[in-house]
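The values are calculated or read from the model by the stated rules, or taken from the named source; none is laboratory data. Because the structure is predicted, anything quoted here is derived from the model rather than measured. Backbone-built Cβ (ideal geometry, glycine too); neighbour counts: all protein chains shown.
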Amino acid sequence: APSAPSSSPVLPSVQPPVGDVLLVGPRTSNVVAISLGYLGRRKHVIHLANTVVGDIIPNTLAVARQRLVVVDRHGFEVARDVPLGLLARQADLCGAGGGPLELTLQVDDWSAGPSGVATPART
């Protein structure tokens, strides 16, 4: 008996979601969705919760890495050693839950004095 031709089903292409990223399931606490802004542009990225803030600066900005700081949505500079998971939990406690963690890269205006050379703090 002749066999029927085997054909693979054609699956429709899946488009990424347009709205907010919603992470669900038992491993949700292991990752953090962030919205990272720089010079008026925004990049949406998912990182492991144990990633520290200093590691989220994109490699394309590596030349300026020493002069950039990460600022939260309230304008506070976030230290480079703070894990994203901790920052996300604190944002949820402040009523910012439901969306990605909003962070912005800014040039550190404290890193250079008037001549462009770092100056020590005066007391």
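Screening Pro100 against (1) farther than 18 Å from Ala49 by Cα; (2) at pLDDT 75 or above; (3) not hydroxyl-bearing (Ser, Thr, Tyr) leaves a single unmet condition, (1). Restricting Leu23, Leu84 to residues that are hydrophobic (A, V, I, L, M, F, W, C) and either at pLDDT 65 or above or surrounded by fewer than 13 Cβ atoms within 10 Å (Cβ to Cβ) (or both) narrows the list to Leu84. Quick check: anything in the range 109-116 among the charged types (D, E, K, R) and either assigned to a strand (DSSP E or B) or modelled with pLDDT of 95 or more (or both)? No: zero hits.
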